[in-house]
Each structure stands twice: as C-alpha cells, then as structure tokens.
C-alpha cells in the first residue's frame with residue numbers, strides 16, 4: 001500500500017504547488033510592492049523541473065523537453081524576466097500534474113494474490129489429522145481438504161471424490177469432478193466432498209505461487225506511453241538552441257535569444273496528450289468505464305488484435321439447461337425432466353441448480369436424497385429410484401441401456417455441451433444438455449469490433465468442443481482452448497511482434513495477460529479484483545458492447561492529440577520568427593504560450609462530449625473461427 005500512499009501524496013504536493021504558484025504570481029501582478037513573491041512559483045514549480053532535467057542529462061544521458069524548459073526558465077531569470085519564468089514553470093507543472101493524474105501508481109495485486117494462499121493445511125500423519133502451517137507441509141505428505149476449503153498444495157487425490165472450482169486458474173464455469181488418481185492444483189476450491197491429496201508441489205512451486213510470479217513479470221516488455229514532447233525533445237532542443245545562437249550572432253541581442261527559448265518551450269505540445277487523455281477518460285467515466293492508465297487510451301487507438309476471455313466476458317458464467325433427451329422408448333423427455341429436476345432441487349451443484357431452475361412445473365417430493373461428491377445425486381421420487389450424474393455413477397447404479405445413452409450423448413458432447421445422465425430404476429433413460437450462455441449483445445459486439453478492422457481472438461480454459469461452439473456462435477476470428485494463465489500470457493507475447501494487443505477478461509487467470517497486453521480491459525462489475533488491479537481500463541457494468549466505443553473514442557483522442565501537436569508546432573514556429581525579428585519579447589512569448597495552451601485544452605475538452613457509443617457493427621457474418629490448443 002506504500003505505492004498508493006506515495007502516489008496520492010505526490011499528486012497532493014504537486015497540486016498544492018500549482019495553487020500556491022498561481023496565487024503568488026497573481027499577487028505579484030496586483031501589488032507592485034509584492035513583486036518578490038514571483039520567486040515563489042519559480043522555486044516550487046520551476047526548481048523541480050530544472051533539477052529533473054539536470055539529473056536526466058548527467059545520470060541518464062537523456063535529453064527531454066524539460067531541458068529546454070529549464071534553460072528557458074533559467075535564462076528568463078538571468079535577464080530579469082521573472083514573470084515569464086514563473087508562467088513557464090507553472091504551465092509545465094500543470095502539464096506534469098495532468099500526466100501523473102492519468103496514471104494509476106497503485107499495484108498491490110501481487111500481494112493480494114499472495115494473501116489468498118492458505119496459511120495452514122490439514123496434514124494426515126500416522127492416521128492422525130493435524131492443522132499445521134503451510135510452510136511445514138512436505139513433499140509426499142497427505143493433505144486432507146474438506147468442502148469449502150481452497151486447495152493449499154498441488155498433488156494427486158488418493159482417496160475420496162469431489163468437485164473443484166477451477167475458475168481461479170482456467171475460468172471454466174463448470175466445476176470439475178475429481179476422484180482417486182486425478183490431480184488438483186493450489187488455488188482451486190473444493191466444493192463438496194472431502195478428499196485426501198498426496199503433495200507433489202509445495203511453497204513457491206505450487207500453481208498459485210507460479211501465477212504470482214507470472215503476474216509480477218508480465219509487464220516486463222509492456223509498451224509504455226512516452227510523452228510526445230520527449231519523443232521529439234532532441235529535435236526541439238537542437239532547433240531552439242540553434243536559432244537562439246544564430247539570433248544572438250546576427251543581432252547581438254540576448255533578449256531575442258532568450259525570447260526564442262521561451263517561445264519555443266513545448267508548453268502546448270506537452271499539454272496536448274494529457275489533456276486529451278483526461279477528457280477521453282471523463283467521457284468514458286460517464287458510461288461506467290474507469291481509466292486507470294491514461295496511456296492506455298493512446299495505445300488503444302493503434303490496437304489491431306483483441307483477445308477476449310470467454311467465461312464472464314463473452315458469456316454469463318452461469319450454466320443453463322437446454323432440456324432433456326430420452327433414450328428409452330418407455331420414458332418421455334418430460335417425465336425424465338420432472339423426476340430428475342425433483343432430485344436436483346436438493347443439490348447445491350451448479351449443474352443440478354441449472355437443471356432444477358429450467359423446470360417450470362411443480363416440483364415433486366424427494367426422499368432418500370443422497371449427494372455423491374464427484375459423481376452426482378440420487379433419490380426416490382414418486383416411488384421410483386432416480387439417479388443423475390456422470391457416466392461413472394451410471395455404470396455403478398444404472399447400467400441398463402447405458403451404452404446406447406452414452407452413444408446418443410456423444411454428439412452433444414462433440415458440439416461442446418455438458419451432459420448429465422439420467423437413470424430411473426436402475427436403467428439409463430436419457431440425459432440433460434447444459435452449457436454456459438452468451439451475454440446479451442456479445443455477438444453484436446464482436447461484429448462491431450470486426451467492422452472496426454480488429455482481429456478477434458477468444459481464449460478459454462474450456463475444452464476444444466465448448467470453445468469451438470462458442471467461438472462459432474460469436475463469429476470470432478480465432479479461438480485458443482484449454483488455456484491456463486501462462487498459456488494466455490504466451491499468446492499475448494506471441495502477438496507482440498505483429499502489432500498492438502488488447503486483452504479483455506474478468507478473472508484471476510486473466511490477470512497476467514491483462515498486465516502484459518498493450519491495453520488490458522477488465523470486466524469489473526462481476527469480475528475478480530485481481531483482474532481489475534492488473535487492467536488499464538475497467539468496465540464497471542460488464543457491458544462488452546462498449547469495447548467498440550472505447551476503440552472509437554481512443555482513435556478520436558489520438559487525432560485530437562495530433563491536431564494539438566500540429567497547432568502547437570505551428571504556433572511556436574510563428575512565435576519564434578517574431579522573436580528573431582525582435583517583434584516579441586519574453587513576456588509576450590509567455591503570453592503566446594498561455595493562449596496556445598488554452599486552445600489545446602479547449603480542443604481536448606471537446607472529447608468530453610464526443611458521442612461514439614450508440615453504434616453497433618453491421619459487419620458480415622464471420623467465417624468459422626480458426627482453432628488451436630493452448
């Protein structure tokens with residue numbers, strides 16, 4: 001949290017210096033006897049700029065626009081033009097404040113991820129269970145994990161069955177059933193049954209710890225915004241000094257040379273980028289979009305590939321039941337639904353809740369209800385033994401007609417649907433078809449993005465079948481399935497050489513790629529806090545259709561920045577000619593800067609009301625998405 005406090009304190013100090021500087025400059029104008037007060041803004045606003053320029057040149061051998069600003073301030077003081085020096089210092093400090101205000105310095109995500117890790121584990125040694133600090137768990141130990149607990153280690157299940165929530169790692173919306181011989185990873189959550197796990201990874205080798213390291217290193221090569229004036233600083237400084245020296249050699253007038261330095265200070269040039277970005281951020285904030293990193297707005301304008309997480313971003317993350325299919329001539333689908341829904345109404349499993357929620361009729365009474373972790377449920381409804389669950393459960397309790405039922409369900413599975421088998425009185429009679437559901441407007445949003453010339457890529461932890469079905473329904477250009485966090489990060493890195501990337505996601509598993517991509521957008525309303533911490537832009541209401549608006553506004557912002565830069569260069573050039581000819585002095589030059597800065601700010605302010613949110617892409621239907629494994 002020290003980073004957050006330091007950033008807030010720094011911005012408060014800068015703002016206070018600006019206010020005090022403006023007040024002191026105004027006082028020096030209003031009262032002749034108070035003219036020495038003009039040194040206050042020079043000291044508190046100008047001195048830090050001069051010192052920073054000196055450090056940059058001496059230690060880092062880096063020539064920035066602050067070098068020319070510093071020379072202009074010092075030269076103005078030396079020839080007695082204190083007002084000009086104060087005005088330049090204040091304007092520069094305002095520009096610096098705007099820039100820092102657009103960047104979020106707080107990044108405590110790694111510590112939050114570390115704090116999520118369990119601090120204790122239930123270790124079974126010599127038949128006795130003991131709760132020990134996680135640091136004392138060793139390879140080969142048996143760790144017992146009860147329902148509701150986060151898995152503290154990586155290992156293999158040695159006894160018991162359960163379902164684990166993998167969303168923290170893969171984003172999968174459907175819990176994964178595990179039993180003896182299956183692997184579980186730290187960071188996943190045990191939902192129902194108690195299991196014993198033999199530890200094969202502890203400490204920094206666990207999946208959760210590795211994810212923390214991935215996030216920590218994810219932005220090593222991330223593109224950062226560079227102040228436009230600094231990109232051109234060498235040329236600006238060279239031109240200004242050359243003209244100033246030539247002016248002095250020709251006219252032998254130091255005032256003309258100093259005026260050249262003053263008028264060529266890139267005040268409006270420096271203000272062009274941060275003011276436009278802040279205005280764009282204000283426009284977005286009115287629509288529930290929070291800009292954490294102002295540089296992301298400028299980067300977003302040149303993004304050509306949009307990578308999108310599936311669950312929670314393009315889909316609701318909630319499983320829905322699409323109905324039942326009967327494989328038994330003596331039992332119709334409606335009867336299967338009525339009986340199975342009655343049993344599943346007693347279940348807490350997401351698949352069971354989805355089946356129960358899809359039933360619109362009266363719910364029959366269930367007796368002898370039994371939940372079998374990692375397998376399914378059973379009970380007695382209307383005097384009949386009803387079973388619902390996976391194939392393993394069916395083979396044990398309802399083997400009759402099972403092969404036919406499994407074969408009939410294969411097509412649904414191949415199409416990417418989740419299947420829950422149904423058995424009645426020891427015989428498999430059919431199955432329920434379930435899947436994650438698309439968010440309203442997701443397909444339209446993808447078409448809109450493609451109409452803007454963006455290549456769309458869906459990343460998901462789901463299986464190939466589920467991924468392909470969703471990608472085809474949305475019209476994505478490409479889909480990558482079975483992605484772990486490092487797989488998503490690898491995809492972002494692979495695309496870096498071919499253009500700029502934007503990652504859209506909502507979960508902890510998206511955090512590394514959100515951090516590494518040129519622009520990270522988090523679905524913050526339903527998303528995980530880790531995702532919002534590592535993103536540059538946060539959608540409070542999870543409305544994926546607004547991504548197209550962000551792209552349009554970012555492109556308009558970049559045009560405004562370029563227009564402001566062009567105007568400032570033209571203004572500075574004209575003022576420089578007048579200064580060389582002796583038609584403009586240092587004070588008048590500073591006044592020209594004020595006018596130029598105001599015009600640039602007005603141009604940027606128009607972005608506050610720019611409307612780019614009411615459109616939807618009418619692009620043609622996309623061909624089938626190209627697919628690839630993680």
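Just so you know, all these numbers are worked out from the coordinates, no wet-lab data involved. On a predicted model such as this, the values are computed, not experimentally measured, just so you know. So basically every Cβ, Gly included, is an ideal-geometry build from the backbone, and we count neighbours across all protein chains shown.
If you line up the Cα atoms of segment 118-205 on their principal axes, what length do they span on each, largest first, in Å?
So the extents along the principal axes, rounded to whole Å, are 36, 26, 20.
With r as the distance between the Cβ atoms of residue 425 and residue 201 and R0 = 56 Å, compute the FRET efficiency 1/(1 + (r/R0)^6) and round to 0.05. All intermediate terms of the calculation are to be shown ahead of the outcome.
Values: r = 45 Å, r/R0 = 0.81.
Result of the calculation: an efficiency of 0.80.
Scaled to the compact-protein estimate 2.2 N^0.38 Å, what is the alpha-carbon radius of gyration of segment 386-545, rounded to two decimal places? Please list the in-between numbers first.
Details: Rg = 19.5 Å, N = 160, 2.2 N^0.38 = 15.1 Å.
Ratio of Cα Rg to 2.2 N^0.38 Å: 1.29.
Would you mind ranking 488, 493 so that the residue whose beta carbon has the fewest other beta carbons within 10 Å leads the list? Please report the intermediate quantities before stating the final value.
Numbers: 488 30, 493 16.
Ranked by crowding around the Cβ, least crowded first: 493, 488.
When ranked by the protection proxy of mean other Cβ atoms within 10 Å per residue, highest first, what sequence do the peptides 138-147, 331-340 form? Intermediate values should be presented prior to the final figure.
Details: 138-147: 16.6, 331-340: 20.3.
By packing density, highest mean first, the sequence is 331-340, 138-147.
Going by a ≥ b ≥ c, the root eigenvalues of the Cα gyration tensor, does segment 318-437 fall in the rounded group (a/c under 1.5), the prolate group (a/b larger than b/c) or the oblate group? Show your work: numbers first, answer last.
Details: a/c = 1.34, a/b = 1.08, b/c = 1.25.
The shape class here is rounded.
Round to a whole angstrom and tell me the spacing of the C-alpha centers of segment 420-471 and segment 349-395.
24 Å
Relative contact order, percent, of segment 118-205 when contacts are C-alpha pairs under 8 Å separated by at least 6 residues?
Here the relative contact order equals 36 percent.
Return 35, 613, 481 ranked ascending by Cβ neighbour count within 10 Å, so the fewest neighbours appear first.
Arranged by neighbour count, lowest to highest, 35, 613, 481 become 35, 613, 481.
With an 8 Å cut-off on Cα pairs and a minimum separation of 6 or more residues, tell me the relative contact order of segment 463-591 in percent.
13 percent
How do 73, 18, 289 line up, fewest other C-beta atoms within 10 Å first? Could the numbers behind the result be given before it?
Details: 73 28, 18 20, 289 23.
In order of increasing Cβ crowding within 10 Å: 18, 289, 73.
How big is the Cα convex hull of segment 530-585 in projection, averaged over all directions, in nm²?
Details: hull surface 25.2 nm².
With the hull built on Cα positions only, its mean projection is 6.3 nm².
Quick one: compute the contact order of segment 318-437, relative version, from alpha carbon pairs under 8 angstrom and 6+ residues apart, as a percent. Provide the component values of the computation, followed by the final result.
Numbers: 246 pairs, mean separation 37.6, N = 120.
Result for segment 318-437 is 31 percent.
So how do 378-391, 354-367 stack up, highest first, on mean other-Cβ count within 10 Å?
Values: 378-391: 20.0, 354-367: 15.1.
Sorting 378-391, 354-367 by mean packing, highest first, produces 378-391, 354-367.
Would you calculate the separation in nanometres between label points at residue 559 and residue 43, each defined as 7 Å from the Cα along the Cα-to-beta-carbon direction?
Between residue 559 and residue 43, the label points sit 4.8 nm apart.
Can you pull a Stokes-Einstein diffusion coefficient for segment 278-360 at 10 °C (1.306 mPa s), Rh from Kirkwood over Cα pairs, as a whole number of µm²/s? Walk me through the numbers before you get to the answer.
Details: Rh = 17.1 Å.
In µm²/s, the coefficient is 93.
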